[in-house]
Amino acid sequence: MDIDKVIEAANRKGLTLHEDFIRMVAKTTVDIRLAGNAGEFLGSRFGGAPVLPPDFNWPRHEVGTYQFLGQINFSEIESAPSELPATGLLSLFFATDPNNEIFWGDPGYVLGYYSPDTTEAIAHRAPDASEPPSLKVLLQKSVSLPGSPFLSFNWPFSDEVEDVFFHELPEELGKASDYLLGYPSFNTLAYDPTPEGGWISLITLQSHDQLGWNWHDGDKLMVFIEKEKLAACDFTNLICDAG
């Protein structure tokens, strides 16, 4: 999807007078869609076993282990946004524990490992033998629009038009709930969750029952990265929020 298709949809929803504003706030994103079958070894997928160098050590935290969230193969993104690596594999893990002591706002809640070369990579099994199902995902370059008045804009809309922009337009576009880059998306927060000081959205994920993901009682997990770190393919310092 490109910006012209967004404008066409906006016109169908009666937002013709706001074309300049929509073009101004639109950001490039990559939609992530479940493909409904098992993911491939080196392919982009949620769940399954991570593919990492042979010397990889499964991460642990003070009260338990991390769970593999999924992997993104950047080479699968056609005409990938310039902010992302053109190749390589990003593996993401999130902290879990049986007593729910871990909070998504804790430092290190999500860990990222970037492998520029996967020629010697192997599958690693979780030390506690827990492994969510492997679900293939498809990556497609798209457009992200802000979905909340809390994202620090001077909205040019009346309440009625604002509802069309925030709710009806994304539905018209068939926007994915899981995506890379773009604006963070949330259901219950009353603030912009993006950290100050050069941070941007890395990935936004909805809750998925089939994967055992339940972010903030069925809401969304938002993972942020410093823009300079992303440019350097450094995924070692990530901040999260959920809501």
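Tell me which residues come under 5 Å, amide H to amide H, from Gly108 once H is placed; ignore anything under 5 positions away on its chain.
Leu238
What is the angle, in °, between the Cα long axis of helix 3-12 and the longest principal axis of the Cα atoms in the chain? Nearest 10 is fine, range 0 to 90.
Approximately 50 degrees, to the nearest 10.
For region 107-243, what is one quarter of the convex hull surface built on the Cα atoms, given in nm²?
Dividing the Cα hull surface by four gives the mean projection, 10.6 nm².
Loop-only GluC sites (Glu not before Pro) in region 190-243, please: DSSP not H, G, I, E or B, and at most 14 other Cβ atoms within 10 Å.
Those satisfying the criteria are Glu196.
Please arrange Tyr191, Tyr113 by counting, for each residue, the other beta carbons lying within 10 Å of its beta carbon, fewest first.
Tyr191, Tyr113
Mind checking the full-extension length gain between Trp58 and Phe150? Use 0.36 nm per residue of separation minus the Cα-Cα distance, one decimal, nm.
Extra length available between Trp58 and Phe150 comes to 29.4 nm.
Name the lysines eligible as straight-distance cross-link partners of Lys220: C-alpha to C-alpha under 17 Å, and not fewer than 8 places from it in the same chain.
Hits, sequence-local ones excluded: Lys175.
Expressed as a whole percent, how much of the Cα-Cα distance distribution for region 3-242 exceeds 26 Å?
39
Rounded to whole Å and sorted largest first, what semi-axes of the equivalent ellipsoid does the C-alpha gyration tensor of region 146-213 yield via the square root of 5 times each eigenvalue?
That gives 22, 18, 11 Å for the three semi-axes.
List the GluC sites (Glu not before Pro) in region 42-80 that DSSP assigns to loop (not H, G, I, E or B) and whose Cβ has at most 15 other Cβ atoms within 10 Å. Which are they?
Those that pass, being in a loop and sparsely packed, are Glu62, Glu78.
So what is the 222 nm mean residue ellipticity for the chain from helices alone, if each DSSP H run of at least 4 adds -39500 (n - 2.57) and you divide by all residues, rounding to the nearest 500 deg cm²/dmol?
-3000 deg cm²/dmol
Can you sort Arg125, Arg45, Arg33 from fewest to most other Cβ atoms within 10 Å of each residue's own Cβ?
Arg125, Arg33, Arg45
So for region 1-145, Kirkwood radius off the Cα pairs, Stokes-Einstein at 4 °C and 1.567 mPa s: how many µm² s⁻¹?
75
Within region 1-15, list the residues whose amide N lies under 18 Å from a label point set 7 Å along Cα→Cβ of Ser158.
Taking a point 7 Å out along Cα→Cβ of Ser158, the residues of region 1-15 whose backbone N falls under 18 Å are 11-15.
In nanometres, what is the gap between the two model label sites at His216 and Thr119, each 7 Å from Cα along Cα-to-Cβ?
According to this spin-label approximation, the distance is 4.4 nm.
Which ³J(HN,Hα) values in Hz, rounded to whole numbers, follow from the phi angles of region 74-86 under the Karplus curve 6.51 cos²θ - 1.76 cosθ + 1.60, where θ = phi - 60° and Gly and Pro get x?
3J(HN,Hα) across region 74-86, in whole Hz: 5, 5, 7, 8, 6, 6, 4, x, 5, 5, 9, x, 7.
Quick one: order Phe21, Phe186, Phe93 by neighbouring beta-carbon count within 10 Å, fewest to most.
Phe21, Phe93, Phe186
Coordinate-derived values only; no laboratory data. Because the structure is predicted, anything quoted here is derived from the model rather than measured. Ideal geometry is used to build each Cβ from the backbone, glycine not excepted, and the neighbour counts take in all protein chains shown.
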